[in-house]
Amino acid sequence: MRIALASDHGGFVHKDILAQYLEDEGHEVIDFGTGNATESVDYPDYARKVTEAVVKGEADRGILLCGTGIGMAIAANKTKGIRAANVVSPEFAKLARRHNDANVLALSGRFIDIDTNKRIVDVFLATDYENGRHQNRLDKVTEIEND
């Protein structure tokens, strides 16, 4: 799977660890930065890079990290066609995929440990969208997006 990955300074350490982890698992990682943890950067700039790659089909899914994941999720969801979920547990990752067809994962680099983030990523990438009863709800979300 092709994964677009980015972080701000608050998620940098986890981003680099996850990039290597994903590559070791056989995924292609497109790393959009940031390149270091010491220089403060603006998370919307990095969210945009990842979401554009997902929408254009250059990546199958996106993963974003900041201090909490909240800012990245908010910024990512401004891109038409993106369904970003701020996820804090593997169970949330499963439900974000099954029920919401989330295509971008937003993670905390400061409040969730790296092993939990790895498990979240594994579940997010392995879980399929259920469709069925959930599709009507996603269609309504798309309607809101298109208004």
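Bear in mind these aren't lab numbers, they're just calculated from the coordinates by the rules spelled out. Note that this is a predicted model, so its numbers are computed, not measured. Glycine gets a Cβ as well: all are built from the backbone with ideal geometry, and neighbour counts include every protein chain shown.
Tally Lys and Arg at +1 and Asp and Glu at -1 over the other residues with C-beta under 9 Å from the C-beta of residue 66: what net charge comes out? Neighbourhood net charge equals 0. In terms of other Cβ atoms within 10 Å, 95, 18 run from fewest to most in the order 95, 18.
Work out the FRET efficiency for residue 135 and residue 110 from their Cβ-Cβ distance, taking R0 = 35 Å, and round it to the nearest 0.05.
Working: r = 35 Å, r/R0 = 1.01.
After rounding to 0.05, the efficiency reads 0.50.
Here's how it looks for residue 106: its modeled amide H is under 5 Å from those of 64, 85, 86, 87, which are all 5 or more places away or on a different chain.
Work out which trypsin sites (Lys or Arg not before Pro) in the chain are exposed loop sites (DSSP not H, G, I, E or B, at most 16 other Cβ within 10 Å) and give the longest gap free of them.
Details: sites that count: 56, 78, 80, 110.
With trypsin sites (Lys or Arg not before Pro) excluded where exposed in loops, the chain gives 1-55 as its longest stretch.
Each of residue 127 and residue 99 was given a label point 7 Å from its Cα along the Cα-to-Cβ line. The distance between the two points is 1.0 nm. The chymotrypsin sites (Phe, Trp or Tyr not before Pro) found in the range 40-131 that occupy coil by DSSP, while having at most 14 further C-beta atoms within 10 Å, are 111. Across the range 1-78, the relative contact order, built from alpha-carbon pairs under 8 Å that are at least six residues apart, equals 43 percent.
Count Lys and Arg as plus one, Asp and Glu as minus one, and take only other residues whose Cβ is under 10 Å from that of residue 21; the net charge is then -4.
Once the Cβ-Cβ distance of residue 146 and residue 28 is raised to the sixth power relative to R0 = 30 Å, the FRET efficiency obtained is 0.45.
Just rank 1, 72, fewest to most, by other beta-carbon atoms within 10 angstrom. Present the calculation step by step, with values, prior to reporting the outcome.
Details: 1 13, 72 34.
With the fewest neighbours first, 1, 72 line up as 1, 72.
Are there any GluC sites (Glu not before Pro) in the range 1-73 that are in a DSSP loop and have at most 14 other Cβ atoms within 10 Å? List them by number. Of the GluC sites (Glu not before Pro), the ones in loops of the range 1-73 whose Cβ has at most 14 other Cβ atoms within 10 Å are 25, 39, 58.
Classify the range 20-74 as rounded, prolate or oblate, taking a ≥ b ≥ c as the square roots of the eigenvalues of its Cα gyration tensor: rounded when a/c is under 1.5, otherwise prolate if a/b is larger than b/c and oblate if not. Provide the component values of the computation, followed by the final result.
Values: a/c = 1.89, a/b = 1.28, b/c = 1.47.
Here the range 20-74 falls in the oblate category.
With one equal scatterer per alpha carbon and no solvent term, the Debye-computed log10 I(q)/I(0) for the range 1-133 at 0.11, 0.17, 0.18 1/Å reads -0.31, -0.76, -0.87. The residues 40, 7, when put in order of fewest to most other Cβ atoms within 10 Å, stand as 40, 7.
Of the residues 127, 17, 43, the one whose Cα sits farthest towards the positive end of the charge dipole of the range 2-146 is 127 (charges of +1 on Lys and Arg Cβ, -1 on Asp and Glu Cβ, taken about the Cα centre).
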